[in-house]
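The values are calculated or read from the model by the stated rules, or taken from the named source; none is laboratory data. Keep in mind that what you see is a predicted model, and the values were worked out from it rather than measured. Virtual Cβ from ideal backbone geometry, glycine too; neighbours counted across all protein chains shown.
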Amino acid sequence: MKLIDCHTHLHDFKETELPEVILRANRAKVAAIITAGTTIESSKKAIKISKSYDHVFPGVGIHPNELKESFSEESVTQILELASLDEVIMISEIGLDFMENSPDRGIQYTAFRRQIGIARELSLPIVFHCREAYEDTIRVLKEERAFEVGGAMHYFQGDQLIADQLIDLGFYVSLGRPLIRMPELQKVTSNIPINRILIETDSFPQPFKKYRQNWTEPRHVRDVANEIARIKNIGIEEVATITSHNTLQMLKTALTLRSHFESEPNYSEI
Ligand SMILES: [Zn+2]
């Protein structure tokens, strides 16, 4: 069995913790981890981490909640430069967040549109964030023709209508641990074709949790796969095979991940 965690933030963990975090993931049969930057600095860090660990692949982008005064031309140049590096496999994390106290929506739209533009220029998929902004996100995806590069809405917690619209546009739906505790989301998932599903943890350090062992880490992507297996009434091995295949399909141009994944031992054989 070989799982892929298609969205994490490894750069937020202490560097000294990473070998253990990655080892624990490998023991849980996670063969590849995609780590997404949220700023220019953390995107650089994601690239650096990917160079130190065979199993890690970077995405670059500026998260909507990290936007301050404006999305400058300088930001566009910097993201374009980073995204042009061979090892970068996607534009992520980008998106729209319309929660109260989120950054100015005008700036968010500009950043989202411009970063989709970079993805199109470089033929990279986008993995995007969406909170309280479903209709606007779908509209921007259409207007900017993001479906030409494809991608996924990450940490999906939307309803059937949103899932259907994303799938119609050719996007994947990426599910995280909320699936385990949200009956509504389980119901929606039962109607999403498994060939449109990806799995992820969105893991980052969680010091607000009482015990360190309770922090979400890439190894927990296996729990998400288990829940999908239960909902779809199939084996976890099948969920792993299909969701990993879906991720590789999304990342058509990510030759680094593809060759790594194909040469990685099949853990179920060990
Ligand atoms: Zn994230």
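Applying the condition of being in a loop (DSSP other than H, G, I, E, B) and over 19 Å from the mean Cα position of the chain (by Cα) to region 130-158 and asking which residue is surrounded by the fewest Cβ atoms within 10 Å (Cβ to Cβ) yields R145. In summary, helices (runs of 4 or more DSSP H) completely within region 195-270 and bearing 1 or more residues that are at pLDDT 95 or above occur at 221-232, 236-250. Got at least one residue in region 61-82 being within 12 Å of the ligand (Cβ to nearest atom), crowded, with 16+ Cβ neighbours inside 10 Å and within 17 Å of P218 (Cβ to Cβ)? No.
Name the single residue that is nearest to the ligand (Cβ to nearest atom) among those in region 1-33 being β-branched (V, I, T) and within 20 Å of the chain's Cα centre (by Cα).
If we filter region 1-33 for residues that are β-branched (V, I, T), which is where we start, we get 4, 8, 16, 21-22, 30, 33.
Okay, now just the ones that are also within 20 Å of the chain's Cα centre (by Cα), so 4, 8, 21-22, 30, 33.
Numbers: I4: 15, T8: 8, V21: 16, I22: 18, V30: 17, I33: 13 Å.
Ranking the qualifying residues of region 1-33, first place goes to T8.
Under the condition of being more than 16 Å from the ligand (Cβ to nearest atom), within 17 Å of R181 (Cα to Cα) and of a type in the set (A, V, I, L, M), the residues counted in region 196-232 number 4.
Is it the case that K29 is under 20 Å from L175 (Cβ atoms) and modelled with pLDDT of 95 or more?
Working: under 20 Å from L175 (Cβ atoms): yes; modelled with pLDDT of 95 or more: yes.
Yes: the conditions hold for K29.
Quick check on region 65-86. Is at least one of its residues more than 18 Å from G151 (Cα to Cα), in a loop (DSSP other than H, G, I, E, B) and in contact with a Leu (Cβ under 7 Å, 6 or more places away or on another chain)? Checking region 65-86: not a single residue is more than 18 Å from G151 (Cα to Cα), in a loop (DSSP other than H, G, I, E, B) and in contact with a Leu (Cβ under 7 Å, 6 or more places away or on another chain). What are the residues in region 88-104 that are surrounded by 15 or more Cβ atoms within 10 Å (Cβ to Cβ) and either among the polar types (S, T, N, Q) or more than 15 Å from the ligand (Cβ to nearest atom) (or both), if any? Scanning region 88-104 gives V88, I89, S92, F98, S102, P103.
Does F112 meet the test of being modelled with pLDDT of 95 or more, surrounded by fewer than 23 Cβ atoms within 10 Å (Cβ to Cβ) and closer than 21 Å to F156 by Cα? Criteria not met by F112.
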